[in-house]
Amino acid sequence: MLHQKFINPESIVVVGGSDNIQSPGGRVLKNLIDHNYQGKLLVVNPKQEIVQGIKSYTDATLLPNVDVAIIAIAAKFCVETVRVLTQEKNTKGFIIFSAGFSEKDEEGAQLEHEIVQLINKAGGTLLGPNNIGIINQHYTGVFTTPIPKLDSKGVDLISGSGATAVFIIEAAMASGLTFSSIYSVGNSAQIGVEEVIEHMDKTFNPSIDSKIKLLYIESINNPQKLLKHASSLIQKGCKIAAIKAGSSDAGSRAASSHTGALANSDVAVDALFRKAGIVRCYGRMELINVASVFMHPELKGKKIAIITHAGGPAVMLTDALSKNGLEVPSIEGEKAEDLLTKLFPGSSITNPIDFLATGTAEQLGHIIDACENDFEDIDAMAVIFGSPGLFKVFEVYDLLHQKMLSCKKPIFPILPSVVNVKEEIDYFLTKGRINFPDEVQFGKALAKVFFTPKPNFEDVGLEKIDVEKIRKIIDNANNGYLHPDKVQQILKAANIPVVQEKTVYAIADAIKEGENLKYPLVMKVVGPVHKSDVGGVVLNITSEVALAEAFESLMLIKDAEGVLIQQMKKGMELFIGAKRESGFGHMVLCGMGGVFIEVLKDTSVRLAPISEKESKEMVHNLKAFPILKGIRNQQGIDINAFAQYIRNISTLVTMAPEIAELDLNPLLGNSKEIIAVDARILIEKY
């Protein structure tokens, strides 16, 4: 929790404050003064008695007690300053702008550690070091500009990068987006993005707090904390969008399984955001567009009316909406014809509704009223209205504002003429409105918000599996891949149907097991991890002679330890996998199996434990779902059984966290059964 004195201090000292407003210490002091901080301001500057009209002390030991210290001095002097403030001045809030700490070298990391220890012992809060500060409703503790318009109904921004926060603020202000608070966490030595979200969740007051949170995250240090408090805030009525930078996985270890290759750390971030209900963005403008969508009434359906006086942008918006899963339905019928009579000749009402470049504010009003009251098949309106610069459009934007106040259906203003009608757009923004200057980016953002699932609050009960038997096998296992016989025992204990099989090490045993299992058979080499890559699989063995020949050839493969003999089954190839990702827990994946998973990479991913609803969504969200369901007289699979086995694997890895990777590839499925024919389990004990 963030200390209340840090949030709303009665006094602030700027250590390193100066008259030079081009320095961090000088600029933050000016920002505090210019934006009317209501508490007592103090300065520590060894060379001046007055700084920007504020009393200055030559040393921190001479200060009276003070609630918050904003520190802008060299890193090597920070520890002693913090020691004095925590032990002698009852200071509870610290903002350290200074760089030269853990981001620099081991010596800097040690200084940072000492500072955190001092502040923790005092029960205080540290933001930074190496950050730009905080802006909230009480004070403007940043050394940067611009300072955005503050509004309790604006957005909360939490950023791991100070520069990125500034760039987001600049672009957001141009669109009319306002802010309630801004946190720059810098090195996150004590307080990171997760801790700020935790504080917002635990102190959330729906009547006064912002319901929109924007995050820029460079590293997720506590995924479970972020999941818990982000999903809790969303359950309380908030909306959250986030950029997680560093999405490439070039530095990851070489994967030894299909699951390992597919489930990298960025996939874990996706799964975390999906489970929490966070809208994931990949750039600043996308984040701002998503936040701007958040600021409008929630879209309840997929059908959008595009109202325009310009054909090109309407076509591009139609494409953007359609390609991202939303609809632009045709509008026709008697009421549509009535509307057409109120527009200039040449107008079109089929959707997009084009009322021409000469269209008036009055005509726009008729169109909006028809979409609101007459066209039941419309869920929202996107209004595109710019200007070639021939005349003023204040009247149009006034009407748009009034209709946005009175209509129940959401109206999204797309005002692209940011030069020709800048004056009118600025006037529109002063009414508390937001502009989407680019129709394509708006369309993508609207779809992203609409299709991001809400957090799953279903009680996730674990499936009934033989935990005692599973734990016994795991506890007695060494690190590395389990022997096939142990894998089969674990799968049976987890209620995953498995094909009958036996591992043999001599040709005589192979012939004996071939008779027991019944032909046709499949034989696979035991030892090499990727059997297919070394020619370690022989299919459709129908005789003792063929079995003997296959055994001999497989045992000649490098690293061969034995041969696995299985009954040969037929069916659609499927895949279920799991991978443990540090901090996140286990990811569980599903998709089509065999070569399809390597080529198509069509998988669904969720974090364990997985609910019944989530498991069914995983299967339904696959691009291959129509094939799994059955298409063009081709038999499908048992969808419910597939979802059930996903939950069983989720329970298995939850109860056996030592499982680092698990591959069921393939399972063979049809309408009557799904059965695992090849499986691997990698154990990595902590």
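Read-outs: derived from the displayed coordinates by stated rules, not from any lab. Because the structure is a prediction, the values reported are computed rather than measured. Cβ: placed from backbone, ideal geometry, glycine included. Neighbour counts: every protein chain shown.
A few remarks follow.
- Cα centroid of the range 76-129 to Cα centroid of the range 515-563, whole Å: 64 Å
- Backbone amide hydrogens, once placed in the peptide plane, bring Ile240 within less than 5 Å of Lys213, Val279, excluding anything fewer than 5 places away on its chain.
- Amide H to amide H distances under 5 Å link Val142 with Ile134, where only residues 5 or more positions off or on other chains count and H is placed in the peptide plane.
- Three-way shape call for the range 572-683 based on the alpha-carbon gyration tensor, with the a/c threshold at 1.5: prolate
- Rel. contact order, % - alpha carbon contacts under 8 angstrom, at least six apart, the range 582-643: 27 percent
- Residue among Ile511, Gln566, Leu556 farthest towards the positive dipole end of the range 500-568, charges placed on Cβ: Gln566
- Sorting Tyr37, Tyr505 by the number of Cβ atoms found within 10 Å of their own Cβ, with the fewest placed first, yields Tyr505, Tyr37.
- The residue list Ser56, Ala122, Leu287 was ranked by how far each Cα lies along the charge dipole of the chain toward its positive end, using unit charges on Cβ atoms, and Ala122 comes out on top.
- Here the 3J(HN,Hα) profile of the range 59-67, calculated from phi with Karplus coefficients 6.51, -1.76 and 1.60 at θ = phi - 60°, is 8, 5, 5, 8, 5, x, 4, 9, 6 Hz, Gly and Pro shown as x.
- Of all stretches in the chain that contain no GluC sites (Glu not before Pro) in a DSSP loop with at most 11 other Cβ atoms within 10 Å, the longest one is 50-297.
- Going from the residue with the fewest nearby Cβ atoms within 10 Å to the one with the most, Leu326, Leu127 rank Leu326, Leu127.
- Computed over the chain, relative contact order equals 9 percent, with contacts defined as Cα pairs under 8 Å that lie 6+ residues apart.
- What the phi angles of the range 646-653 give under the Karplus curve with 6.51, -1.76 and 1.60, with θ = phi - 60°, is a coupling list of 4, 5, 4, 5, 4, 5, 4, 6 Hz, glycine and proline written as x.
- Per-residue ellipticity at 222 nm from helix content only, as computed over the chain with -39500 (n - 2.57) for each DSSP H run of at least four residues, stands at -11000 deg cm²/dmol.
- Scanning residues 5 or more positions from Ala189 or on other chains, those with amide H under 5 Å from its amide H are Gly128, with H placed 1.01 Å from N in the peptide plane.
- Subtracting the Cα-Cα distance of Lys570 and Glu684 from their residue separation scaled by 0.36 nm leaves 37.7 nm.
- Between Glu612 and Lys228, the contour length at 0.36 nm per residue exceeds the Cα-Cα span by 136.3 nm.
- When only Cα pairs below 8 angstrom with a gap of at least 6 residues are kept, the range 572-683 shows a relative contact order of 32 percent.
- Prolate/oblate/rounded label for the range 304-451 (Cα gyration tensor, a/c 1.5): rounded
- Mean-position separation - Cα centroids, the range 583-597 and the range 1-49, in angstrom: 52 Å
- Size of charge dipole - the range 4-130 - debye, nearest 20, with Cβ of Lys, Arg +1 and Asp, Glu -1, no other charges: 360 debye
- DSSP beta bridge pairing in the range 4-130, given as percent antiparallel to the nearest 5: 10 percent
- In the range 267-306, trypsin sites (Lys or Arg not before Pro) in a DSSP loop with at most 13 other beta-carbon atoms within 10 Å: Lys300
- Listed residue pairs exceeding 28 Å between alpha carbons, taken from Lys569/Lys629; Lys244/Lys469; Lys518/Lys601; Lys55/Lys89; Lys228/Lys616: Lys244/Lys469; Lys518/Lys601
- Residue order, fewest to most beta carbons within 10 Å, for Leu343, Leu150: Leu150, Leu343
- Put the Cα centre of the range 171-214 next to the Cα centre of the range 407-435 and the gap is 25 Å.
- The range 439-447 - phi-based ³J(HN,Hα) in whole Hz, Karplus 6.51/-1.76/1.60, Gly and Pro as x: 5, 5, 5, 4, x, 5, 5, 4, 5
- Charge dipole of the chain (Cα centre as origin; +1 on each Lys and Arg Cβ, -1 on each Asp and Glu Cβ, all else neutral): 880 debye, rounded to the nearest 20.
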